[in-house]
Every structure is written in structure tokens, then in C-alpha cells.
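Read through the structure below, which is laid out as C-alpha cells, and then see the notes.
The numbers here are math on the coordinates, done by the rules we state, and not lab data. Since this is a predicted model, take the numbers as computed values, not measurements. Please note: Cβ atoms are built from the backbone with ideal geometry, for glycine as well, and neighbour counts cover all protein chains shown.
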């Protein structure tokens, strides 16, 4: 791993563990195994380093894909939801830290919305095609439906360790349960091909 990526990865780890305030340049340098001067030489300031590290991290997030044309929507959406949910669970500490930084660091919003915006757009387009092909009832809005499914997966993944008794069990099956309920709500009909 090159020095720049080493510094970015260490910054993401430290910010996730310590928060923005606790992510001192000394801690970041120690986590990266470099001298503090190296941080400033590469990034100029703590704020620039953290901002770039967060953008770098967001761009590396795995984005599960949906097919352009819906086939077996049940299977496709369950697979997509399971992948997305697994990633959210993996990075929930980082997400919580980022949410906590919104008020103190307004520029967080620029990079923190990249992945969710892409996911939402992709899901909305998929659901629009599903509806427009007559595979569901027609009396629902794809944006609201996409927001509902994404929000449900997000809320579960972020709060699963805090309120496990109030969420579907087992955790690995929660995405399937949410997708089943979601498809029922939009009136999905299996294709009769």
C-alpha cells in the first residue's frame, strides 16, 4: 500500500474509533506508522486529511448492483438487500461517527451522500421499470418505495447491536424479511413467462 493510502486508511480507522475530535494528528500518525510531519506534508491540515480520507473511504464502498431489467425481482432484491445490509453492518461504527460529525462539520454532507445517492437512484430506477412493466400495482411512487427499503435496511444495520430484541431474527434473515414485506406492499407479481 502506498503512503497516501496508508495515511487515508489509518485516518478512517482512527476517526471511526475516536471520532473527529479524538482523531488527533498524533493518533493518526501512530496508526499509520509515520511521523506527524508526514501527514502535513501530504495533506496540509487535519481537516483536509480527514475530508479526503472520508471521500476515499466512501468511493471504496461496495455498491451492490441490480440488473437493468427486472427478472426475478424477489431474488434480485433479496440478494441486493443482503449485500447492502452486510456492508452497513460492517461499517456501522464509521457511519455512527459520521452522523455525529454532521453538525460540527457541514462539509461532511458532500461525501457522506455519495453512496446512498447512488444506491437510491439505482433502486428507484429498478422499481420504476418493475412498475412500468406491470409487475406490481401502479399506485405507489418509486422514490418513496426506494427510500422505505433503504431506510429500513439502514435503521436495522445501525441499531441491531443496540436493540436486537426489537428487530427480526436472525439478523442474517432480516433483509429477506424486509424485501418480502416490501414486495407485498407494492403488489409484486411473479412474472408468468
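Assorted remarks:
- Across the range 1-102, Cα-Cα distances exceeding 18 Å account for 53% of all pairs.
- The modelled label-to-label distance for the pair residue 139/residue 17, using points 7 Å beyond Cα in the direction of Cβ, is 5.5 nm.
- The range 73-185: C-alpha pair distances exceeding 18 Å, %: 53
- In Å, descending, principal axis extents of the Cα set of the range 3-59: 25, 21, 17
- Think of it as helices only: each DSSP H run of n ≥ 4 in the chain is worth -39500 (n - 2.57), and spread over all residues that comes to -22000 deg cm²/dmol at 222 nm.
- For the chain, the Cα-based Rg and Dmax, in that order, read 19.7, 65 Å.
- Normalised by the number of residues in the range 3-59, the mean separation of alpha-carbon contacts (under 8 Å, six or more apart) gives a relative contact order of 41 percent.
- Take every Cα pair under 8 Å whose residues are at least 6 apart in sequence, average their separation, divide by the length of the chain, and the relative contact order is 23 percent.
- In the range 151-193, the alpha-carbon atoms span a convex hull of 83 Å³ per residue.
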